[in-house]
1. May I ask you to list the residues in region 208-261 that are without any contact (Cβ under 8 Å) to a residue 40 or more places away in the chain and charged (D, E, K, R)?
2. In region 283-306, what residues are outside any helix (DSSP H, G or I) and buried (at least 21 other Cβ atoms within 10 Å of the Cβ)?
3. What pairs come out if I take residues in region 320-332 that are among the charged types (D, E, K, R) and pair them with residues that are assigned to a loop (DSSP other than H, G, I, E, B) whose C-beta lies under 7 Å away, six or more apart or interchain?
4. Please find, within region 411-437, the residue that is modelled with the highest pLDDT out of those that are part of a loop (DSSP other than H, G, I, E, B) and not small (G, A, S).
5. For G264, state whether it is in a strand (DSSP E or B) and either of a type in the set (A, V, I, L, M) or in contact (Cβ under 8 Å) with a residue 40 or more places away in the chain (or both).
6. Write out, first by first residue and then by second, each pair whose Cβ atoms fall under 7 Å of each other, whose residues are 6+ apart or on separate chains, and whose first residue, in region 87-103, is crowded, with 17+ Cβ neighbours inside 10 Å while the second is among the hydroxyl-bearing types (S, T, Y).
7. Could you tell me which of the residues T124, T112 is over 16 Å from I77 (Cβ atoms), in contact with a strand residue (DSSP E or B) (Cβ under 7 Å, 6 or more places away or on another chain), surrounded by 21 or more Cβ atoms within 10 Å (Cβ to Cβ) and not small (G, A, S)?
Amino acid sequence: MKRLLLLIPKCPGPAAGKKWNAVWPADVEAAVTHSMWKLITPGPLVLAKLAQEMGRFEVHLTDEAFQPLNLTKKYDIVAIYTVTPNVKRAYELADFYKKQGTYVVLGGVHTTVCPEEAGRHAHTILIGEAESIWTAFLQDFLMHRTRQIYAQPLGKVSMYRSPIPAFHLIPENARKLIPIQTARGCPHGCHFCNLRSLYGRSYRPKKMQNIEKELRAVKQLNPHATIYFTDDNLFCSSTHADALMQLLQQYSVTWYANTDISFGADPVRIRRAYQCGCRQVLIGLESVNMQNLTGLDETSFKRRHFGRYREWIENIQSQGIGVIGSFILGLDGDGTDVFDKTAEFILEANLFGASITVNTPYPGTVQFHELDAQNRICTYDWNCYTIFNPVIQPKKMSIETLNAGYLKVLRAVHSTEAAKRKLEYFKRKIKEAGNDA
């Protein structure tokens, strides 16, 4: 048996002792950390299952967000999952294992969009969705005929054949919120999003029978787990979403999801979602400045629906589902008034939560190429690409002004007064909707 480690490195952060922003005080770092949905990276669980099914590998998994990495253990293969904010740590570990004589593989989003860079640190790189090329690599490894590059064409992996992830490898302290992916793809094509660099333009759902098997596996692992459906936009296909909710009605499960604001337009669907266990949705609202929304996605979807934001948030939350609004500060239309306006919107809309980030051009996105051509990218130190730490020169303010205004917004929305007001609002709404508090 060959010993295989699937490794998800931690994100080192932009400065010593700073995980998110180089100038944030400790209390703000802690508040932002506390507000996040924390879960194990789901992709390597699929690769673990595929390796186990071959019967020739002893499979181990370490996600440094949940467990320490034991560098004294020996493996035949170490396969490392990369995203931009963890990639410098990934390269450091890849170089370490190569010196130990271990065969090193790099894959994930950052490796896919920066293959030449990643290739300098690995024996083999995986480009694109990994299911098919991973199996091909493992077979070649056993036959001593591996290649340097295995590349998967965009959008060609069939989700119908996706295996049940190796949920049993999730460490004990990561079993409270467990990921399930039911489909890949999103119709909007946001210029700041690197989704299409990995998945292409298509929307590809799994079979409901396979999703049900995953639900059963998660319930067996932890009957009280909350499920996070990691789909990029769970409700963008009404056919798939309705079938999923029909399935979920057969189970007692609490779940969260990502969606777009149009979810708020259909009170019947919102009610169904609540009845089958939905309690939170993350929605990319992006900006309270409508100027920023023009051209932000391929069809200006967000701009076209901007005038309905408050109404549709109210529709969702009035049924007992909390909306986590996602906002980006420092977009090109933002002046210094954006900070007060963003805080006011979050508080007046009674958002259950807010994910407030700064404009960050990830490699592989339309935005990265545009800002790179304009010489507005201030650093290519990937540790700084946390989405909370400024890495570009804003158009209408200095970086120092952006950081100061950003802190002001965070302190306003995370204040004790704001938390108390939000709690009272949701108690009232749940009571009005006839749901249990």
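The values are calculated or read from the model by the stated rules, or taken from the named source; none is laboratory data. From a predicted model like this one, the values you see are computed outputs, not experimental measurements. Positions of Cβ are generated from backbone atoms using ideal geometry, with glycine treated the same way; all protein chains shown enter the neighbour counts.
1. Matches in region 208-261: E212, R216, K219, D242.
2. Let us first name the residues in region 283-306 that are outside any helix (DSSP H, G or I), namely 283-289, 294-300.
Within region 283-306, I283, G284, L285, E286, S287, V288, L296, D297 qualify.
3. Between residues of region 320-332 that are among the charged types (D, E, K, R) and residues that are assigned to a loop (DSSP other than H, G, I, E, B), the close pairs are D332/K395.
4. Step one: filter region 411-437 for residues part of a loop (DSSP other than H, G, I, E, B), giving 414-415, 434-437.
From the residues that got through so far, the ones that are not small (G, A, S) too are 414, 435-436.
On the way: H414: 91, N435: 58, D436: 50.
Ranking the qualifying residues of region 411-437, first place goes to H414.
5. Details: in a strand (DSSP E or B): no; either of a type in the set (A, V, I, L, M) or in contact (Cβ under 8 Å) with a residue 40 or more places away in the chain (or both): yes.
Taking the combined requirement at face value, the residue does not satisfy it.
6. Short answer, once both residue conditions are applied: A90/T82; T102/Y75.
7. On the way: T124 fails: over 16 Å from I77 (Cβ atoms).
Unique residue meeting the criteria: T112.
Residue-wise test of (1) touching a residue at least 40 places away in the same chain (Cβ under 8 Å); (2) more than 19 Å from A30 (Cα to Cα); (3) hydrophobic (A, V, I, L, M, F, W, C); (4) in a helix (DSSP H, G or I).
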residue: P361; (1), (2), (3), (4): yes, yes, no, no
residue: E370; (1), (2), (3), (4): yes, yes, no, yes
residue: N383; (1), (2), (3), (4): yes, no, no, yes
residue: T386; (1), (2), (3), (4): yes, no, no, no
